[in-house]
Structures are given as C-alpha cells and as structure tokens.
Amino acid sequence: MQKEFYFVSDLHLGGDGSLMTCDFTNEFVGFLQKLARKDKETELIIAGDTFGFWELTTIEGAAQFDEIVRFHTEIFEQLKLTGERIQITMMVGNHDYDLACYPEFVEKLAAYNIALDTSLHLIREINNRKIWIEHGQQIDPYNAATEYGNINAQPPGYFITKTLVSGASKYSVFGASDWLKDIRSVDVRQIPDWLVSNYFYNEMNIFLRWLLIPFLLLLTVTAIALGAQFLKYVGVFDVNILLDNPFVSWLGLFGNIVSWIITASMLVWFFVFAVSVPLYFIYRDIRRTLFRMQLFPLFKSAPTDEATNIYLNRARAVFAENPEICAYIFGHTHDAFLIEENGRAIINTGTWLKILRRVSVRFGLLPGVYYPTFRLNYFKIYSENEKVIIKYAEIPKRLKEKLTLLQRFLIIGRRPETEKPIRGRTVL
C-alpha cells in the first residue's frame, strides 16, 4: 500500500509570557483527530519550528519542552493519540534549534509518539520518485547555526529574537491591550511602522489622539494651503483658495473653525518639515556608519519576493543534483505557496501563527492599520494512478480580536492583500 504524507510547519508553540498562548489549539487538535481516523499508512511531517525555544528565556535545555507541554496539554495528548495510529516525524527549525543539541529531547518526544529526526533534510519516496523536505534555515545566514548541533553556535537571529520578541512579550501586559505579544507575527521590516501604529491606536492618550487626528487628516489640504501661502508671499499667487474662500466665510462659525485648524496645521507642519531636514541628514549619516561597521544588516530582512527567489534557486539546485526529486518542501519564511516547474513542485508550508498585514487608511496621513489574519493549512502528497498528487487544504479560523471602531472606520472597505492562491490539487 502506498503511503500518504502530510506536511505542516512553523507552529511556534511556546515563549515567554503571552507568547505561550496558542491561537489555533482547537483547529490543530481537530486536524490531528482527522489524521487519527486514517485507514492508510500515513506520516505527518512537522517541518521545523514546532516550538518557540528562542522566545522562552526563563528555562534552559530540555526542560523547555516540559514547560511547553504544561501549557499545551490538549495538543500533546492528541499528538500521543494520533501517533498511535500514524507516524509523526518532527524536524528541527531555527527557533527550536535546541532539539538538535540535547539528546534528551528524543525520549521526551517519543513519550508522545513523536519521532525526532535532527537531519537537516529528509527524503521520502513515493511512486518511485522522491520528496526533499527541509526547514530552510540552513541557507538563511541570519538563522543558520555555524556549527549544527552545538548549543553555543547560535546565529544572529537567536540574539535578536531573545531581546526583541521575547522581551516585547514580557512587557506586553503593561500595555493598554496585549498587542505587543504579536510582534513575531509582523514582517521584521515593518516593526517600526507597526509600533507607531499600535502606539497611536492603542496607547496614545485619547484626548491627544483626537487632537492630532484633524491635523493628520488635513495634511494634504494643509500642504496645498501652505503652498498657496508661499506663492502669495513671493507674489506669484495672491489668494489662498482655502483660507480666503467665500464658501468658508459663508459657513460662519464652522468655516472659521476650519480656517483656524488649517492655519494651526500649517504652523505645525511648517516646523515639522523644518526640523525633518536636518534630522534626515543625521539619519543618513548614522545609517552609513552602521553599514560601515557591518551592523545595519542585522536589522534588515530580505523582502518576501527576494526570500522566495533564494528558495526557488535552492530548489532548482536540488532538482539539478537529484533528478529523482519531484517535490522540494520547506517552511521558515511563513509564506505559503506552491509553484510547479517542469513537472516538479516547490512548496512552502507557511505558518499557523497569526499573520499581521498592513492596510493603508483611506483618509489623511494617519498610521496604517495592521489587520490580523490566519492561514492554517497543510499539504498532502500521495500516489494515484501512477501519478504523484499534491493536495492543499486550508482550515477555517475565526478571529477573536477586533479592530477598534476608529481603525475600522479609517480602512472602511479595505482589506489586506490577498494571499497567493494555491491550487487544491496538483498532479505531477
């Protein structure tokens, strides 16, 4: 009987404080229960980053696993039950790199019927062809261990995660809401913008926020008025159509209030622009210094398309060296997709974590809104009529959290960019 293979990755269970909360417990348990009812020979491969050991700073070594189990008992009890019916194999990712360093993890995972394989890549055979599976961190210079299996050979990504992500979770309880714990769901390049957004919509004093909103909403109008005022000053254009408009006068008191706001906004933004010029040159000098000292790249991540191209090239190299490989599977980048090339498939298993995507507001120069989404998914590979079949499925997830009324109003009718569509069935 031909074997069926299921693939998921990047569950990221565990971490300090609120990071220990799992948003998809019911969905993952349901997925495991479905696999337990299989009457065919089946293997579930969790392709790395099952755990968030990097984000768990209070406990060291194999004891980290016990702490995570304590908070996720329902998941591990179901893993144990499902593992009695099918084979469950767990790979090592960068966030749970400790799995490759402490032999004790093998026995601890075996107690839940999980087979730990610390190989950097696995090979599975199907229909006289082969599947190549890896997490993908080994070709990421910021997340690849310099000496695999050595706990002291941690990559730069480890130290960034320890200080930035885990630290944020520890202090998230002091916020007006628990938004800071979602830092690991944000693209690294967008973290500064995300912090500004959450400060404005969640932490800023409500009176200060509503005082600023008119100035930010009217920024475009202000820029036109400021430009018209400058033209009037130099003698090119002697009427400010926004401040000296008969319609504004006709509005009476309301018109006067609008004129006052525009005038005040002009003054505010004039000084902002005046100050921003020298600050821009200071920023450029600091950035140039960090580049020279080779520090700036630590705070930079590759754009999604660039990261995808890196793994596409990696897959093509694997195919060239191993003609029998029909599918290259990896995770790590949290960007689920399936690309078919020359009768072979390149698959990214995505993530089960919450994903935050930026949505621009409709009005004025206000901070963008980070819209929460999930893409809980799995890939299944099996044989049918001498063909290799790849099935893709998504598990529906209802969001519990909601945007504020102001956020919903400012992005009314807008949603994040849609995920790359993935065919439900691919035949190789």
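The values are calculated or read from the model by the stated rules, or taken from the named source; none is laboratory data. All of these numbers come straight from a predicted model, not from anything done at the bench. Cβ sites come from the backbone with ideal geometry, for glycine too, and all protein chains shown count toward neighbours.
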crowded, with 18+ Cβ neighbours inside 10 Å, modelled with pLDDT under 85 and aromatic (F, W, Y) - does that describe any residue in the range 197-219? yes
Within the range 130-158, restricting to residues that are surrounded by fewer than 19 Cβ atoms within 10 Å (Cβ to Cβ) and outside any loop (DSSP other than H, G, I, E, B), the one that is nearest to the chain's Cα centre (by Cα) is Y158
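To keep it simple, each residue is scored yes or no on (1) free of Cβ contacts under 8 Å to residues at least 24 places away in the same chain; (2) not in a strand (DSSP E or B).
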| residue | (1), (2) |
| --- | --- |
| N309 | yes, yes |
| A315 | no, yes |
| I346 | no, no |
| R358 | no, no |
| P372 | no, no |
| F379 | no, no |
| E394 | yes, no |
| R398 | yes, yes |
| R415 | no, yes |
Does D49 meet the test of being touching a residue at least 12 places away in the same chain (Cβ under 8 Å) and assigned to a helix (DSSP H, G or I)? no
Filtering the range 313-326 down to residues that are out of contact with any helix residue (DSSP H, G or I) (no Cβ under 9 Å at 6 or more places or on another chain) and either closer than 16 Å to K420 by Cα or of a type in the set (A, V, I, L, M) (or both) yields A315, A317, V318, A320
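Assess whether I88 counts as being of a type in the set (A, V, I, L, M), in the same structural domain as N313 (by TED's automatic domain parsing), in contact (Cβ under 8 Å) with a residue 24 or more places away in the chain and closer than 23 Å to E60 by Cα.
Here the answer is no, as I88 does not meet what is asked.
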Taking the criterion of being surrounded by 20 or more Cβ atoms within 10 Å (Cβ to Cβ) and in a strand (DSSP E or B), would at least one residue in the range 8-16 satisfy it? yes
Does any residue of the range 17-37 turn out to be closer than 24 Å to I151 by Cα, part of a loop (DSSP other than H, G, I, E, B) and either over 17 Å from the mean Cα position of the chain (by Cα) or modelled with pLDDT of 95 or more (or both)? no
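Right, L122: within 28 Å of C326 (Cα to Cα) and in contact (Cβ under 8 Å) with a residue 12 or more places away in the chain or not?
Working: within 28 Å of C326 (Cα to Cα): yes; in contact (Cβ under 8 Å) with a residue 12 or more places away in the chain: yes.
Yes; evaluated as a whole, the condition is true for this residue.
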Matching option when the condition is closer than 23 Å to Q138 by Cα and out of contact with any strand residue (DSSP E or B) (no Cβ under 8 Å at 6 or more places or on another chain), among L56, L13: L56
